[in-house]
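Encoded as structure tokens, the structure appears first; notes follow it.
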Amino acid sequence: MPTPKIEAEQERVQAKFAEFKAGAKSLATDVRIEHARQVDDLEQRMNATKVKLKELSEADGPVNNFV
């Protein structure tokens, strides 16, 4: 399990991401398509980060002490 500091940072990033995602409503159609692509890319990166943090927090040895 990630440390409380990392969890707090994840929550902050998710809140900012939700703001970014909601901003699409005010964009022109062509820009909205690019925005949607960026949203998908960021979601994939956030999910990969969560998985990696979970792996690191479950690891034995010095890596776990680092996180």
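Since every read-out is calculated from the coordinates, none of them should be taken as a lab result. This one's a predicted model, so the numbers in the text were calculated from it and none came from an experiment.
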Taking every Cα atom in segment 4-66, find the radius of gyration and the maximum pairwise distance Dmax, and write them in Å.
-> 15.6, 51
Do you know the Lys pair count in the chain for C-alpha distances under 21 Å, with sequence separation 8 or more or different chains?
-> 8
